[in-house]
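Here is the structure we will look at, set down as structure tokens.
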Amino acid sequence: MLALGGWWNWLCQSYSPWQVELVVTVFVQLIGFWLPATLYQLVDICFPEFSKAHKLQPEPHRQPTRAEIIHCIRYAVLVTLADIAFQIGLGYLTDFRPIFVITTTLPTFKEMVRHFVWGNIAHEVLAYYVHRILHLPRFYARYHKLHHSFPAPIAFTGLYSSPVEHFFADIIPTVLTLALVAHYYEPVHILSFNCFLISVLFVGTVEHSGYDFAQPPLVKGARSAS
Ligand SMILES: [Zn+2]
């Protein structure tokens, strides 16, 4: 904790609050999505037998080809870069004012837990209903079919969505609640937000991995139907 405090102090004193917000959020995307998604893919490459034994849909005809996997990874890179560009654009429009609190002091444990719980409950509800709406016939083909185009998903398919779906099903449920809390109710520390963000990214990556291990309990049974 002391080392984290020192590192955080240095970061806050070296960069502007908005730059800190950008850097931390990008770093968390690397740790919460890119690292686990890459590890899942390495399991597939390095331990094919283990991988086959733990796939939720192991049938060979359902597995993505090498070209499809590369295409999906490239798409995920583009989405991540677009997210960064979006955050920079938003900063430009708001005079580079950060949404969350950036101070040299760390948030209290109680505060982090409170924002983690609020963020996750709101995210579950919002993401569930947006997903339901995206399955309505009038929206499905145009906005959501792409996300279901891999019969057996891999972790990288977590970001394989149309821009409209990514905005309404990923960005809004993840950012909106704590941004509103920060604006209208009480300050939310950037580290509290990112603690919540890393949990959302990590759970999403696990859910899309197509593997039967480390799945959140409620997802394990329902995964093949989603
Ligand atoms: Zn769906």
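Treating r as the C-beta distance of residue 85 and residue 35 and R0 as 25 Å, the FRET efficiency rounds to 0.70.
In a simple Cβ point-charge model (Lys, Arg +1; Asp, Glu -1; nothing else charged), the chain has a dipole of about 440 debye relative to its Cα centre. Compared with the dominant Cα axis of the chain, that is its longest principal axis, helix 17-29 is turned about 20°.
Grab the other residues whose beta carbon is less than 9 angstrom from that of residue 192, score K and R as +1, D and E as -1, and report the net. Here the count lands on 0. Please report how far the C-alpha centroid of segment 1-22 lies from that of segment 85-115, rounded to the nearest whole angstrom. Taking the Cα centre of segment 85-115 as reference, the centre of segment 1-22 is 12 Å away.
Using a Förster radius of 25 Å, what is the FRET efficiency between residue 46 and residue 146 based on their Cβ-Cβ separation? Nearest 0.05, please. Walk me through the intermediate numbers first.
Working: r = 29 Å, r/R0 = 1.16.
That pair, residue 46 with residue 146, gives E of 0.30.
Of the residues 77, 23, 115, the one whose Cα sits farthest towards the positive end of the charge dipole of segment 1-115 is 115 (charges of +1 on Lys and Arg Cβ, -1 on Asp and Glu Cβ, taken about the Cα centre). Based on C-alpha pairs under 8 angstrom that are at least 6 apart in sequence, segment 35-177 has a relative contact order of 35 percent.
Its DSSP H runs of at least 4 residues, each contributing -39,500 (n - 2.57), put the calculated 222 nm mean residue ellipticity of the chain at -19000 deg cm²/dmol, to the nearest 500.
Taking 17 Å as the cut-off, the amide N atoms of segment 117-156 that come nearer than this to a point 7 Å along the Cα-to-beta-carbon line of residue 162 belong to 130-150. Dipole orientation for the chain: of the candidates 7, 213, 39, 213 has the Cα lying most toward the positive pole (charges on Cβ; Lys, Arg +1; Asp, Glu -1). Helix 109-134 and the longest principal axis of the C-alpha atoms of the chain enclose an angle of approximately 40°. Angle check, please: helix 2-14 long axis (alpha carbons) against the longest principal axis of the chain (alpha carbons), in degrees 0 to 90, nearest 10. For 2-14 against the chain, the angle is about 70 degrees. How far apart, in nm, are the 7 Å Cα→Cβ label points at residue 105 and residue 11? Placing both labels 7 Å beyond Cα along the Cβ direction yields 1.9 nm.
Which FRET efficiency, nearest 0.05, do residue 121 and residue 183 yield, Cβ-Cβ r, R0 25 Å?
Details: r = 19 Å, r/R0 = 0.74.
Between residue 121 and residue 183 the formula returns 0.85.
Each reported figure results from applying straightforward, stated rules to the coordinates on display, with no laboratory input. These figures come from a predicted structure and were not determined experimentally. Glycine gets a Cβ as well: all are built from the backbone with ideal geometry, and neighbour counts include every protein chain shown.
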